[in-house]
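Taking it in order: structure first as structure tokens, then the write-up.
The values are calculated or read from the model by the stated rules, or taken from the named source; none is laboratory data. Treat the numbers as computed from the prediction; the structure is a model and nothing was measured. Heads up, the Cβs are rebuilt from the backbone with ideal geometry, glycines too, and the neighbour counts pull from every protein chain shown. Heavy atoms of the whole protein, side chains included, go into the accessibility calculation; ligands, DNA and RNA do not. Shrake-Rupley method; radii C 1.70, N 1.55, O 1.52, S 1.80 Å.
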Amino acid sequence: MSEPMGPGSPRVIGYAEADLPAGLARQVAELEDAAWPGAEPGHDPALAPRALLLSAADGTVAASLTLLFKEIRLAGRTYRAAGLSAVVTRTGLRGRGLGGRLVAAARAELAADPAVDLALFSCDRSLTAFYEAAGFAPLPGTVLVGGTPEDPLATDDPGFDKVVHAAFFTDDPGRDRAAFTGVRVPLHPGNIDRLW
């Protein structure tokens, strides 16, 4: 049985993760714990985490995700990258398009930010169509290398079935898509958000 959504249409709200009000932070932590039991909540402050929430008028968080930001050096150029992390919809509200609405809002926010050149992240292969519907295209043969250079974690490590997705907001998105296709991208966000 699905949960009712609170009164009014849910709206997208955003906060720097450090400024997330306690009641909302508690709901996000509960959503993430239901999806990934035992995982530590929160993200590396060095990645300037920004929480985006789909929230009803009564304060119920229907879906949440976190945007993370980092510069990436690739093909002789430095790109200002953003990644999607911890994308989750409340269990009883899944299948209503709420998560897709939130992911599409995240893409629109990143596209409007002049400080972001591209969005880049990995997801389970089974979620490819979900992210494509929100405007993120798969990058065939691309591997994200997370963790640190000394302790890497790659999307092609044994046991992973990941697809890398991206959206490019640069002056020449075709050129930049080509630079990111079929290569190993040294993301290296650190040991907290090993693969955003």
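Overview of results
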| read-out | value |
| --- | --- |
| Condition broken by Thr60, with the remaining ones in (1) over 17 Å from Val183 (Cβ atoms); (2) at pLDDT 95 or above; (3) surrounded by 17 or more Cβ atoms within 10 Å (Cβ to Cβ) satisfied | (2) |
| Scan of the range 57-86 for residues that are touching a Ser or Thr at 6+ places or on another chain (Cβ under 6 Å) and acidic (Asp, Glu), ordered by number | Glu71 |
| The range 114-163, residues that are small (Gly, Ala, Ser) and out of contact with any strand residue (DSSP E or B) (no Cβ under 7 Å at 6 or more places or on another chain) | Ser126, Ala129, Ala133, Ala134, Gly141, Gly159 |
| Output for the range 82-113, where each listed residue is on the phi < 0 side of the Ramachandran plot, open to solvent by 30 Å² or more (accessible area, probe 1.4 Å) and either more than 16 Å from the chain's Cα centre (by Cα) or not hydrophobic (A, V, I, L, M, F, W, C) (or both) | Arg90, Thr91, Arg94, Arg96, Arg101, Arg107, Glu109, Ala112, Asp113 |
| Cross-chain or 6+ apart pairs with Cβ under 9 Å, the range 162-180 first and in contact (Cβ under 8 Å) with a residue 24 or more places away in the chain and under 18 Å from Asp113 (Cα atoms), then part of a loop (DSSP other than H, G, I, E, B) and charged (D, E, K, R) | Phe168/Asp117; Phe169/Asp113; Phe169/Asp117; Thr170/Asp117; Asp176/Asp117 |
| Members of the range 121-163 found to be open to solvent by less than 30 Å² (accessible area, probe 1.4 Å) and under 15 Å from Val103 (Cα atoms), listed by number | Phe121, Ser122, Cys123, Thr128, Tyr131, Ala134, Phe136 |
